[in-house]
2 protein chains.
Amino acid sequence: MDTNQERILEKAQERVIETLARNMDLYGITMSTGLLYGTLLFQDKSMTLDEMGEALGMSKTSMSTGVRTLMDLNMVEKIWKKGTRKDHYEVNLDWYQNFIDLFSVKWRHASEQNVHSLKKSLQELRALQQSEELTDELRERVELSIRRIENGLDYYLWLSRLIDSFESHEIFQFVPKKESDS
Amino acid sequence: MDTNQERILEKAQERVIETLARNMDLYGITMSTGLLYGTLLFQDKSMTLDEMGEALGMSKTSMSTGVRTLMDLNMVEKIWKKGTRKDHYEVNLDWYQNFIDLFSVKWRHASEQNVHSLKKSLQELRALQQSEELTDELRERVELSIRRIENGLDYYLWLSRLIDSFESHEIFQFVPKKESDS
DNA sequence: AAGTACGTAAAGTTTTTTCTGAACGCTGAA
DNA sequence: TTCAGCGTTCAGAAAAAACTTTACGTACTT
């Protein structure tokens, strides 16, 4: 058995795993959890928490929380495996869908919160604007704030439609999955 | 002077500022820096580091680093102001462009790193694949890894084209900035 | 040339996050 | 019913990040 070839394989895998993991902070995912994701990615079979802990040299507790984070983002799923009592996990191989789910879950949520605040404050400021006895200086400030908020709302409505186009996969009509050459 | 009206205005602004700031971790931006951004947003005039520190009750050093973070993302810019020795900063009011810049800067960078690793490892594995004396078991593992990596590359090429469409503003043809009603 | 005002780098402190190990509850087996 | 194996909760330890204070370099003023 040529262990040298094996080492080449593992080296190649590790490079990818580490790079992916390092950049997953964009997903709000910690490096360790990213390593876990990468490890699962190159696994042909599903893994148990113990196997993960073994592979990463980390505690089972960490694997438990890490795998839950990944499940919340739909990047990993729990697999039914009869005959064993342990939970088995598998990576979701559809990178596009992973991106979409992440984007939907995180950005949609933030977007909704922001819109809510913006609308509420806009309403208050519009009411204030109606008031007759408003100094010129204050009226000016109120109107500036209203403009700023309206700008923000425009943007978040757009962002919401963008996310819609991801979720519905319509975005792939515009930016197709595969390009012919290159 | 009715200080009550002023309080309403400030309350409305603070709500927005705080919500925006809280959600800016999606941008990899800390809450404090988010508050700084929000503060600048409702400012009619440019601000100096001292004014920011004053407004947020934080050290000038923090303002310095915070403002640099925002500048790196093109969300804030330094303003020429003659007659004073202090630097002045202003928020970039184009939310769409802020989003695009953020996305470009962060995701493009991550994407490029990932593609680089994926390609390098793919090359190594393809070479390994050529090798005649490869056990069936190892060949199987190599081929699985290659498939995984190819999947990833497909995705990142797509992502790159998506980012292109943001940077070129072509995305607005597909998801227009303004919708007629609603 | 000396002094002052400014932004930032470096070092140190505080706060937050991540990780671990022990203890718990649940489920299935004996 | 008891026991063993499993995932998870919780409290504490370790690590990382954020923030402040001090100190420095530069550029303008006098």
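The values are calculated or read from the model by the stated rules, or taken from the named source; none is laboratory data. These numbers come from a predicted model, not from an experiment. So basically every Cβ, Gly included, is an ideal-geometry build from the backbone, and we count neighbours across all protein chains shown. Heads up: the accessible areas ignore ligands, DNA and RNA and are worked out on the full protein's heavy atoms, side chains in. Shrake-Rupley method; radii C 1.70, N 1.55, O 1.52, S 1.80 Å.
Listed values, structure above:
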quantity: Charge context of A:Arg15, other residues only, Cβ under 14 angstrom, K/R +1, D/E -1; calculated: +2
quantity: Relative contact order [Cα under 8 Å, 6+ residues apart], chain A, whole percent; calculated: 14 percent
quantity: Student exercise, chain A dipole from Lys, Arg, Asp, Glu Cβ charges, in Debye to nearest 20; calculated: 540 debye
quantity: Whole-number percent relative contact order across segment A:96-174, with pairs defined as alpha carbons under 8 Å at least 6 apart; calculated: 47 percent
quantity: Global form of segment A:3-92, assessed from the alpha-carbon gyration tensor, a/c cut-off 1.5; calculated: oblate
quantity: Within straight-line cross-link reach of B:Lys60, lysines at Cα separation under 18 Å, skipping those fewer than 8 residues along the same chain; calculated: B:Lys78, B:Lys86
quantity: Whole-angstrom gap from segment A:1-66 to segment B:31-50, using each part's C-alpha centre; calculated: 41 Å
quantity: Residue of chain A nearest the A-to-B rotation axis [by Cβ], rounded angstrom distance; calculated: A:Phe174, 2
quantity: Pseudo-label separations to other copies for B:Phe172 - Cα-to-Cβ vector, 7 Å, nm; calculated: 2.8
quantity: Under 21 Å from the Cα of A:Lys177 - lysines, other chains or at least 8 residues apart; calculated: B:Lys119
quantity: About the Cα centre, charge dipole magnitude for the protein assembly as shown (Lys/Arg +1, Asp/Glu -1 at Cβ), debye; calculated: 480 debye
quantity: Within a Gaussian network of chain B (alpha carbon springs, distance under 10 Å), most fluctuating of B:Glu51, B:Glu140, B:Glu18; calculated: B:Glu140
quantity: Most to least accessible of A:Met31, B:Met63 (protein chains only, probe 1.4 Å); calculated: A:Met31, B:Met63
quantity: Linear extension gain, A:Leu134 paired with A:Arg108, 0.36 nm per residue minus alpha-carbon span; calculated: 5.6 nm
quantity: B:His169 - accessible surface, heavy atoms, 1.4 Å probe, Å² rounded to 10; calculated: 70 Å²
quantity: Cα gyration tensor category, rounded, prolate or oblate, for segment A:41-116 with a/c compared to 1.5; calculated: prolate
quantity: Long-range amide H partners of A:Lys177 with built H, under 5 Å; calculated: none
quantity: Computed [θ] at 222 nm, deg cm²/dmol, chain A (DSSP H ≥ 4; -39,500 (n - 2.57); rounded to nearest 500); calculated: -21500 deg cm²/dmol
quantity: Shape box of the protein assembly as shown [Cα atoms, principal axes, largest first, Å]; calculated: 87, 48, 44
quantity: Coordinate range along principal axes, alpha carbons of segment B:96-174, Å, largest first; calculated: 55, 21, 14
quantity: Efficiency of FRET from Cβ geometry, A:Arg85 and B:Arg126, R₀ 35 Å, rounded to 0.05; calculated: 0.30
quantity: Heavy-atom accessible area ranking, 1.4 Å probe, most first, across A:Thr135, A:Thr19; calculated: A:Thr135, A:Thr19
quantity: Listed residues A:Ala21, A:Ala110, A:Ala127, most fluctuating in chain A (Gaussian network, C-alpha, under 10 Å); calculated: A:Ala127
quantity: Most to least accessible of A:Ser131, B:Ser121 (protein chains only, probe 1.4 Å); calculated: A:Ser131, B:Ser121
quantity: Charge dipole (debye, nearest 20) of segment A:90-174; +1 at Cβ of Lys and Arg, -1 at Cβ of Asp and Glu; calculated: 80 debye
quantity: Accessible area (Å², 1.4 Å probe, nearest 10) - B:Arg68; calculated: 140 Å²
quantity: For A:Tyr27, solvent-accessible area (1.4 Å; no DNA, RNA or ligand), Å²; calculated: 30 Å²
